[in-house]
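The values are calculated or read from the model by the stated rules, or taken from the named source; none is laboratory data. As the structure is a computational prediction, the values presented were derived from the model and not from experiment. Using ideal geometry, Cβ is built from the backbone for each residue, glycine included, and neighbour counts are taken over all protein chains shown.
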């Protein structure tokens, strides 16, 4: 099965672009690939929109009433899916 001329030209163009990008990445030094990590020195955020933080040592993750109010109860009422409730508990975006 052969490709149409337009499809063949598109595949070749995309392949060339991809090959160029691979060469660029191969030429990058480790320093150029490095992504800086900036530590957060503020206290974890706790408010109505962010009831849980991402710090597992924080008491917000161990308070059973708090977990029930913001995690279990909304899931049981159908307000959150299981995945959304999990992301909320882990301090991630919903």
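Quick one: count up the residues across segment 54-63 that are in a helix (DSSP H, G or I) and surrounded by 13 or more Cβ atoms within 10 Å (Cβ to Cβ). Outline the logic, then answer.
First, the residues of segment 54-63 that are in a helix (DSSP H, G or I): 59-61.
Right, trim to surrounded by 13 or more Cβ atoms within 10 Å (Cβ to Cβ) and you get 60-61.
The number of residues fulfilling the criteria is 2.
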Q) What number of residues within segment 64-84 are in a helix (DSSP H, G or I) and either surrounded by 12 or more Cβ atoms within 10 Å (Cβ to Cβ) or touching a strand residue (DSSP E or B) at 6+ places or on another chain (Cβ under 8 Å) (or both)? A) 11
Q.
Please go through segment 1-53 and give me each residue that is surrounded by 10 or more Cβ atoms within 10 Å (Cβ to Cβ), over 29 Å from residue 92 (Cβ atoms) and at pLDDT below 75, ordered by number.
A. 3
